[in-house]
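Coordinate-derived values only; no laboratory data. All of these numbers come straight from a predicted model, not from anything done at the bench. Here the Cβ is made from the backbone with ideal geometry for all residues, glycine too, and neighbour counts use every protein chain on show.
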């Protein structure tokens with residue numbers, strides 16, 4: 001699916017740099033991964049969608065995370081709507097669809113389901129697909145929320161948070177068939193079921209990332 005090159009160039013050069021203000025779990029590498037995953041889901045499920053909207057929703061969905069993590073979906077949508085360049089590429093109705101999809105992407109959103117397929121795509125693409133990514137992102141995000149916490153306290157927090165999110169009956173939502181995500185759920189649930197093993201695994205992985213100067 002072909003994305004408008006002028007739109008892509010604008011977002012890569014003017015929007016992506018804003019992500020340097022976020023902690024690494026919601027930085028530009030995460031955004032690029034969500035974009036790639038969005039198009040994997042589109043292709044894998046033969047979805048008839050506008051690729052420019054898919055790309056833009058994914059590109060803006062965490063833009064305001066550094067301002068307020070707890071309201072970042074609302075703030076990110078507001079920042080998108082204030083963008084003076086986007087009306088060059090989208091109609092008013094399309095911008096409304098993008099705004100709503102950004103607002104609806106958060107896993108812990110109280111709404112039962114996103115209002116459009118675009119919200120379903122980015123919400124699903126925003127989920128982790130590897131245990132390693134889950135261990136890294138839960139640690140760095142926890143460190144952002146609790147900068148004075150010890151690593152052991154952050155590992156405890158991660159186990160509790162991820163159990164609520166990805167455990168059986170967890171609040172993380174996924175709206176499409178996807179073998180990669182299904183395997184991830186199996187792997188992370190198996191690890192979460194043994195708290196000691198989870199903490200030992202995260203401790204070893206975080207130590208490795210620190211040694212490699214990746215966090």
**OP:** Just give me the residues in region 158-173 being buried (at least 18 other Cβ atoms within 10 Å of the Cβ) and within 16 Å of the chain's Cα centre (by Cα), in sequence order.
**Re:** 162, 165, 166, 172, 173
**OP:** Could you list all residues from region 115-144 that are more than 25 Å from residue 189 (Cα to Cα), over 13 Å from the mean Cα position of the chain (by Cα) and surrounded by 22 or more Cβ atoms within 10 Å (Cβ to Cβ)?
**Re:** 118
Original post:
In region 1-17, which residues are surrounded by 15 or more Cβ atoms within 10 Å (Cβ to Cβ) and closer than 27 Å to residue 134 by Cβ?
Top reply: 11, 15, 16
